Amino acid sequence: MGLTLSKREATLDAAVAHLARYYDERLTIHGDTPEGAAWPNARDLATRFDVMSDLAAALAPDRPIVLCDLGCGTGELLAHVRERAPEQVEYVGVDISGAALAYARRKFPEIPFHELDVLAAPGAELERLRCDVLVANGLFTVKGDLPDEAMWSFMTAVLKKVWPFVRRGIVFNVMSTAVDRQREDLFHVSYDRLARFLHELAGRSIGFRADYGLYEFMAYASRNSA
(Lines give C-alpha, C1' and ligand atoms only; values in the text may rest on other atoms or scores of the structure.)
Protein backbone atom coordinates (compact mmCIF):
# COMPACT_ATOMS: atom_id res chain seq x y z
CA MET A 1 0.00 0.00 0.00
CA GLY A 2 1.34 3.44 -0.95
CA LEU A 3 1.70 6.41 1.34
CA THR A 4 -1.42 8.44 2.00
CA LEU A 5 -1.19 12.07 0.91
CA SER A 6 -0.61 13.36 4.46
CA LYS A 7 2.03 10.72 5.18
CA ARG A 8 3.70 11.37 1.84
CA GLU A 9 3.82 15.11 2.49
CA ALA A 10 5.28 14.51 5.94
CA THR A 11 7.88 12.18 4.44
CA LEU A 12 8.87 14.76 1.82
CA ASP A 13 9.05 17.58 4.37
CA ALA A 14 11.29 15.44 6.57
CA ALA A 15 13.51 14.54 3.63
CA VAL A 16 13.92 18.18 2.59
CA ALA A 17 14.75 19.25 6.15
CA HIS A 18 17.20 16.38 6.65
CA LEU A 19 19.09 16.98 3.41
CA ALA A 20 19.19 20.75 3.88
CA ARG A 21 20.63 20.28 7.38
CA TYR A 22 23.16 17.72 6.14
CA TYR A 23 24.57 19.99 3.42
CA ASP A 24 24.60 23.09 5.61
CA GLU A 25 26.60 21.18 8.22
CA ARG A 26 29.13 20.09 5.60
CA LEU A 27 29.43 23.66 4.32
CA THR A 28 29.94 24.99 7.85
CA ILE A 29 32.71 22.48 8.54
CA HIS A 30 34.55 22.51 5.21
CA GLY A 31 33.59 25.82 3.60
CA ASP A 32 33.41 26.37 -0.15
CA THR A 33 35.31 23.22 -1.13
CA PRO A 34 34.34 19.90 -2.74
CA GLU A 35 34.17 18.42 0.77
CA GLY A 36 31.82 21.23 1.76
CA ALA A 37 29.44 19.98 -0.93
CA ALA A 38 29.85 16.33 0.18
CA TRP A 39 32.22 15.38 -2.65
CA PRO A 40 35.46 13.52 -1.87
CA ASN A 41 37.79 15.53 -4.13
CA ALA A 42 38.03 18.18 -6.84
CA ARG A 43 39.13 15.75 -9.57
CA ASP A 44 36.00 13.60 -9.38
CA LEU A 45 33.82 16.68 -9.14
CA ALA A 46 35.34 18.07 -12.35
CA THR A 47 34.64 14.73 -14.05
CA ARG A 48 30.98 14.94 -13.04
CA PHE A 49 30.78 18.51 -14.29
CA ASP A 50 32.29 17.47 -17.65
CA VAL A 51 29.86 14.58 -18.18
CA MET A 52 26.86 16.63 -17.07
CA SER A 53 27.86 19.50 -19.37
CA ASP A 54 28.30 17.13 -22.32
CA LEU A 55 24.85 15.62 -21.78
CA ALA A 56 23.25 19.05 -21.40
CA ALA A 57 24.85 20.16 -24.66
CA ALA A 58 23.56 17.03 -26.42
CA LEU A 59 20.01 17.67 -25.18
CA ALA A 60 20.07 21.24 -26.48
CA PRO A 61 22.58 21.47 -29.34
CA ASP A 62 21.26 24.83 -30.49
CA ARG A 63 23.12 27.52 -28.57
CA PRO A 64 22.88 29.64 -26.52
CA ILE A 65 20.81 27.77 -23.93
CA VAL A 66 19.32 28.56 -20.54
CA LEU A 67 20.75 26.13 -17.97
CA CYS A 68 19.11 25.77 -14.55
CA ASP A 69 21.39 24.32 -11.87
CA LEU A 70 19.07 22.81 -9.25
CA GLY A 71 20.84 22.35 -5.93
CA CYS A 72 23.55 24.69 -7.19
CA GLY A 73 25.20 25.12 -3.80
CA THR A 74 28.01 27.65 -4.03
CA GLY A 75 27.85 27.84 -7.83
CA GLU A 76 30.90 25.80 -8.74
CA LEU A 77 29.25 24.35 -11.84
CA LEU A 78 29.02 27.88 -13.23
CA ALA A 79 32.78 28.33 -12.92
CA HIS A 80 33.22 25.08 -14.85
CA VAL A 81 30.71 26.09 -17.54
CA ARG A 82 32.45 29.42 -18.04
CA GLU A 83 35.74 27.66 -18.69
CA ARG A 84 34.13 25.45 -21.34
CA ALA A 85 31.51 27.62 -23.04
CA PRO A 86 31.37 31.13 -21.55
CA GLU A 87 29.32 32.65 -24.39
CA GLN A 88 26.86 29.82 -24.94
CA VAL A 89 25.10 29.28 -21.62
CA GLU A 90 22.75 31.52 -19.67
CA TYR A 91 22.94 30.18 -16.13
CA VAL A 92 20.35 30.23 -13.33
CA GLY A 93 21.14 28.80 -9.90
CA VAL A 94 18.56 27.42 -7.45
CA ASP A 95 19.13 26.07 -3.96
CA ILE A 96 17.31 25.78 -0.65
CA SER A 97 20.38 26.81 1.34
CA GLY A 98 20.79 30.51 2.03
CA ALA A 99 24.28 29.83 3.39
CA ALA A 100 25.43 28.18 0.14
CA LEU A 101 23.85 30.89 -1.98
CA ALA A 102 25.67 33.57 0.00
CA TYR A 103 28.93 32.09 -1.28
CA ALA A 104 27.55 31.87 -4.81
CA ARG A 105 26.36 35.48 -4.86
CA ARG A 106 29.69 36.77 -3.60
CA LYS A 107 31.53 34.91 -6.34
CA PHE A 108 29.05 35.70 -9.13
CA PRO A 109 27.14 38.89 -8.21
CA GLU A 110 25.79 39.30 -11.73
CA ILE A 111 24.06 35.88 -11.80
CA PRO A 112 20.49 35.16 -10.64
CA PHE A 113 20.56 32.77 -7.70
CA HIS A 114 17.20 31.85 -6.16
CA GLU A 115 16.60 30.45 -2.68
CA LEU A 116 13.75 28.04 -3.26
CA ASP A 117 12.21 24.88 -1.83
CA VAL A 118 10.95 23.35 -5.07
CA LEU A 119 8.45 21.03 -3.40
CA ALA A 120 6.86 23.79 -1.31
CA ALA A 121 6.98 26.62 -3.86
CA PRO A 122 3.83 27.78 -5.68
CA GLY A 123 3.70 27.73 -9.46
CA ALA A 124 4.56 31.41 -9.85
CA GLU A 125 7.86 30.92 -8.00
CA LEU A 126 8.64 27.79 -9.97
CA GLU A 127 8.74 29.95 -13.10
CA ARG A 128 12.26 30.81 -11.96
CA LEU A 129 13.20 27.28 -13.03
CA ARG A 130 12.10 27.83 -16.63
CA CYS A 131 15.01 26.69 -18.80
CA ASP A 132 16.16 24.62 -21.74
CA VAL A 133 18.04 22.07 -19.65
CA LEU A 134 17.87 21.49 -15.90
CA VAL A 135 20.77 19.74 -14.18
CA ALA A 136 21.03 18.42 -10.62
CA ASN A 137 24.55 17.43 -9.61
CA GLY A 138 24.64 15.62 -6.26
CA LEU A 139 21.08 16.45 -5.23
CA PHE A 140 20.13 12.76 -5.36
CA THR A 141 23.38 11.02 -4.41
CA VAL A 142 23.45 11.43 -0.62
CA LYS A 143 20.62 10.33 1.66
CA GLY A 144 22.32 10.49 5.05
CA ASP A 145 20.06 8.75 7.55
CA LEU A 146 16.99 8.77 5.30
CA PRO A 147 15.44 5.41 4.35
CA ASP A 148 15.79 4.51 0.67
CA GLU A 149 12.05 4.87 0.05
CA ALA A 150 11.97 8.35 1.58
CA MET A 151 14.84 9.40 -0.68
CA TRP A 152 13.14 7.82 -3.68
CA SER A 153 9.95 9.74 -2.89
CA PHE A 154 11.94 12.96 -2.60
CA MET A 155 13.78 12.46 -5.89
CA THR A 156 10.73 11.48 -7.93
CA ALA A 157 8.63 14.29 -6.43
CA VAL A 158 11.28 16.87 -7.35
CA LEU A 159 11.66 15.56 -10.90
CA LYS A 160 7.90 15.56 -11.45
CA LYS A 161 7.67 19.11 -10.10
CA VAL A 162 10.40 20.55 -12.33
CA TRP A 163 9.62 18.66 -15.55
CA PRO A 164 6.87 21.07 -16.78
CA PHE A 165 9.37 23.96 -16.64
CA VAL A 166 12.00 22.31 -18.83
CA ARG A 167 11.97 22.85 -22.59
CA ARG A 168 14.59 20.32 -23.70
CA GLY A 169 15.54 17.93 -20.91
CA ILE A 170 16.99 17.10 -17.49
CA VAL A 171 20.29 15.56 -16.36
CA PHE A 172 21.07 14.26 -12.86
CA ASN A 173 23.22 11.68 -11.11
CA VAL A 174 22.58 8.91 -8.59
CA MET A 175 24.79 6.27 -7.04
CA SER A 176 24.91 2.91 -8.82
CA THR A 177 23.83 -0.42 -7.40
CA ALA A 178 26.44 -2.12 -9.60
CA VAL A 179 29.18 -1.78 -6.97
CA ASP A 180 30.99 -4.12 -4.56
CA ARG A 181 29.50 -2.39 -1.54
CA GLN A 182 26.61 0.03 -1.18
CA ARG A 183 27.19 2.75 1.40
CA GLU A 184 24.40 3.30 3.90
CA ASP A 185 24.60 7.11 3.62
CA LEU A 186 24.42 7.20 -0.20
CA PHE A 187 21.42 6.74 -2.48
CA HIS A 188 22.01 3.74 -4.75
CA VAL A 189 19.43 3.26 -7.51
CA SER A 190 19.04 0.45 -10.01
CA TYR A 191 18.93 1.20 -13.72
CA ASP A 192 15.67 -0.69 -14.18
CA ARG A 193 13.79 1.12 -11.44
CA LEU A 194 14.94 4.53 -12.59
CA ALA A 195 14.23 3.69 -16.23
CA ARG A 196 10.64 2.78 -15.41
CA PHE A 197 10.12 6.08 -13.63
CA LEU A 198 11.74 8.15 -16.39
CA HIS A 199 9.71 6.38 -19.08
CA GLU A 200 6.57 7.38 -17.20
CA LEU A 201 7.85 10.94 -16.91
CA ALA A 202 9.28 11.49 -20.38
CA GLY A 203 8.36 8.61 -22.68
CA ARG A 204 11.08 6.68 -24.47
CA SER A 205 13.62 9.51 -24.79
CA ILE A 206 15.77 8.68 -21.78
CA GLY A 207 19.25 7.35 -21.21
CA PHE A 208 22.14 6.69 -18.83
CA ARG A 209 25.91 7.24 -18.81
CA ALA A 210 28.18 5.20 -16.58
CA ASP A 211 31.44 5.28 -18.50
CA TYR A 212 33.34 7.92 -16.53
CA GLY A 213 34.98 5.84 -13.85
CA LEU A 214 32.94 6.70 -10.75
CA TYR A 215 30.53 4.62 -8.65
CA GLU A 216 27.49 6.44 -9.96
CA PHE A 217 25.72 7.14 -13.23
CA MET A 218 24.15 10.07 -15.00
CA ALA A 219 20.53 9.83 -16.05
CA TYR A 220 18.81 12.06 -18.57
CA ALA A 221 15.38 12.55 -20.05
CA SER A 222 14.66 14.50 -23.20
CA ARG A 223 11.64 16.23 -24.63
CA ASN A 224 13.07 15.64 -28.10
CA SER A 225 11.46 12.98 -30.25
CA ALA A 226 12.95 9.54 -29.83
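The values are calculated or read from the model by the stated rules, or taken from the named source; none is laboratory data. The structure presented is a predicted model; accordingly, all values stated were derived computationally and were not measured. All Cβ positions, even for glycine, are placed from backbone atoms using ideal geometry, and neighbour counts span all protein chains on display. Just so you know, the surface numbers come from the protein's heavy atoms only, side chains and all, with ligands and any DNA or RNA stripped out. Shrake-Rupley method; radii C 1.70, N 1.55, O 1.52, S 1.80 Å.
Points worth noting:
- Residue that is under 22 Å from LEU159 (Cα atoms) and touching an Asp or Glu at 6+ places or on another chain (Cβ under 9 Å), where the choices are LEU78, LEU126, LEU55: LEU78
Conditions tested, residue by residue: (1) of a type in the set (Gly, Ala, Ser); (2) open to solvent by less than 10 Å² (accessible area, probe 1.4 Å).
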site	(1), (2)
ALA42	yes, no
LEU45	no, no
ARG48	no, no
LEU78	no, yes
VAL89	no, no
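- Tabulated pairs, region 202-222, first within 28 Å of ARG181 (Cα to Cα), second of a type in the set (Lys, Arg) and modelled with pLDDT of 95 or more, C-beta under 6 angstrom, 6+ apart or interchain: MET218/ARG209
- Residues being in a loop (DSSP other than H, G, I, E, B) and within 19 Å of ALA15 (Cα to Cα) - total across region 171-211: 4
- Any hit, region 83-98, residues being more than 25 Å from GLU25 (Cβ to Cβ), of a type in the set (A, V, I, L, M, F, W, C) and at pLDDT below 95: yes
- If you go through region 120-136 and keep only what is in a loop (DSSP other than H, G, I, E, B) and open to solvent by 20 Å² or more (accessible area, probe 1.4 Å), you end up with ALA120, PRO122, ARG130.
Quick grid of which residues meet (1) open to solvent by 40 Å² or more (accessible area, probe 1.4 Å); (2) of a type in the set (Lys, Arg):
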position: PHE187; (1), (2): no, no
position: ARG193; (1), (2): yes, yes
position: GLY213; (1), (2): yes, no
position: SER222; (1), (2): no, no
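- Annotation: ALA102 fulfils all but one of (1) in a loop (DSSP other than H, G, I, E, B); (2) free of Cβ contacts under 8 Å to residues at least 12 places away in the same chain; (3) open to solvent by less than 70 Å² (accessible area, probe 1.4 Å); the unmet one is (1).
- Summed over region 151-185, residues that are small (Gly, Ala, Ser), closer than 22 Å to TRP39 by Cα and either open to solvent by 30 Å² or more (accessible area, probe 1.4 Å) or touching a Leu at 6+ places or on another chain (Cβ under 8 Å) (or both) total 1.
- Of residues in region 50-69 being of a type in the set (Asp, Glu) and closer than 14 Å to GLN88 by Cβ, the one most open to solvent (accessible area, probe 1.4 Å): ASP62
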